[in-house]
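Encoded as structure tokens, the structure appears first; notes follow it.
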Amino acid sequence: MCGNPSSCVLPSNLLQRGCLALKGTCETSYAHAMKVLIVSRTVVERKRCIGALVRTNDGYQSLRLMDARILPTGTFWAESAPFRIGELWEIEQGPAASIRQPHNEDILVYEYTLVNSSFTDLQRLDEWLRSHFHKIDPPCMWEGTPESLFGGKLQSTRKYNGRGFVTKANLPEVSTGFWIPDQPLKKVLYEEKASYLYNNGLQKVRVGKLKYIGEPEPPDQIPAGTLVRVSLSRWIEFPPYPEACWLMLSGWYGAL
């Protein structure tokens, strides 16, 4: 067992709680083992960004798994990376040496082993997330309009129904989260790439458009009340806007 249980954690009450230190004791080792539940897999150019949850002493924490072969920050994964949404993996991980807020979820992954595929049925994963996301800390669950996302810190490219982004002047604690929209999301295409409009652009909200970055083929519409995954991009500058992290739709859970 772990010499310091507060620093080594396991996910989910499906498993016995505890810790396995792969390199020395928990107080001194650089890399630790933990079990993580994969909750998102998105496309970043030709690579894949992997999101996960891990069990903590008080609840759950959101993570972004980075390939440790490129240090100190790690990198996104090759398209062939084995992680699939709903799978439970044991990983040997350590802290990313350089984190730029709000991407506080980043950790480096050195080794990984599949434990089981308990939640690859997205309906089952949807039910589990709805009953557990209130335990995630820092909080990253929102309901209602897109303006509620990321603590209400989003700016917009337009007066109404613009794309959302955050700047250095007003950063949220997290860059990933879950959202239950109170209106349907309608797919639109721009340069053959999918985005989603909140309530088909009919409602006057500042932030109303989300670029889609998930792997599955995007449906024409995501119904109101669907649990979806949202995230903020890495820092990028799109003139005339300042350097910013942009709001994106990573995927959905359950049957549509």
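The values are calculated or read from the model by the stated rules, or taken from the named source; none is laboratory data. The structure displayed is predicted, hence computed values, not measured ones. No Cβ is skipped: glycine too gets one built from the backbone with ideal geometry, and neighbour counts run over all protein chains shown.
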Residues of the stretch 60-106 satisfying the condition of being in contact with a helix residue (DSSP H, G or I) (Cβ under 6 Å, 6 or more places away or on another chain) and among the aromatic types (Phe, Trp, Tyr)
60
Somewhere in the stretch 153-162, is a residue over 30 Å from residue 70 (Cβ atoms), aromatic (Phe, Trp, Tyr) and not in a loop (DSSP other than H, G, I, E, B)?
no
When residue 94 is evaluated against the numbered criteria (1) touching a Leu at 6+ places or on another chain (Cβ under 8 Å); (2) modelled with pLDDT under 95; (3) not in a strand (DSSP E or B), which criterion, by number, is the only one it fails?
(3)
So which residues in the stretch 142-169 are under 21 Å from residue 106 (Cβ atoms) and either out of contact with any strand residue (DSSP E or B) (no Cβ under 7 Å at 6 or more places or on another chain) or not assigned by TED's automatic domain parsing to the domain that holds residue 229 (or both)?
151, 168
Please state which of the following conditions residue 113 fails to meet, knowing it meets all the rest: (1) closer than 30 Å to residue 206 by Cβ; (2) without any contact (Cβ under 8 Å) to a residue 40 or more places away in the chain.
(1)
Can you tell me which residues in the stretch 189-218 are free of Cβ contacts under 8 Å to residues at least 12 places away in the same chain and either in contact with a Pro (Cβ under 6 Å, 6 or more places away or on another chain) or closer than 16 Å to residue 158 by Cβ (or both)?
190, 202
So which residues in the stretch 111-140 are more than 30 Å from residue 31 (Cβ to Cβ) and either outside any helix (DSSP H, G or I) or more than 19 Å from the chain's Cα centre (by Cα) (or both), if there are any at all?
121
Suppose we filter 85, 107, 70, 91 for residues that are surrounded by 15 or more Cβ atoms within 10 Å (Cβ to Cβ), more than 17 Å from the chain's Cα centre (by Cα) and β-branched (Val, Ile, Thr); which single one remains?
91
If I filter the stretch 79-88 for residues that are modelled with pLDDT of 95 or more, on the phi > 0 side of the Ramachandran plot and not β-branched (Val, Ile, Thr), do I get at least one hit?
yes
Which residue pairs have Cβ atoms under 6 Å apart, sit 6 or more places apart or on different chains, and have a first residue in the stretch 118-138 that is within 14 Å of residue 88 (Cβ to Cβ) and in contact (Cβ under 8 Å) with a residue 12 or more places away in the chain and a second that is of a type in the set (Gly, Ala, Ser) and part of a loop (DSSP other than H, G, I, E, B)?
119/86; 120/86; 125/86
If you scan the stretch 172-196, which residues turn out to be assigned to a loop (DSSP other than H, G, I, E, B) and buried (at least 19 other Cβ atoms within 10 Å of the Cβ)?
172, 174, 175, 183
What do you reckon, is residue 185 modelled with pLDDT under 95 and farther than 20 Å from residue 48 by Cβ?
no
Identify, please: which residue in the stretch 197-256 is touching a helix residue (DSSP H, G or I) at 6+ places or on another chain (Cβ under 9 Å) and farther than 22 Å from residue 140 by Cβ and is, among those, surrounded by the fewest Cβ atoms within 10 Å (Cβ to Cβ)?
255
What are the pairs, 6+ residues apart or on separate chains, where a residue within the stretch 55-72 that is within 13 Å of residue 138 (Cα to Cα) has its Cβ under 9 Å from a residue that is surrounded by 14 or more Cβ atoms within 10 Å (Cβ to Cβ) and among the aromatic types (Phe, Trp, Tyr)?
60/133
Odd one out for residue 203 among (1) modelled with pLDDT of 95 or more; (2) part of a loop (DSSP other than H, G, I, E, B):
(1)
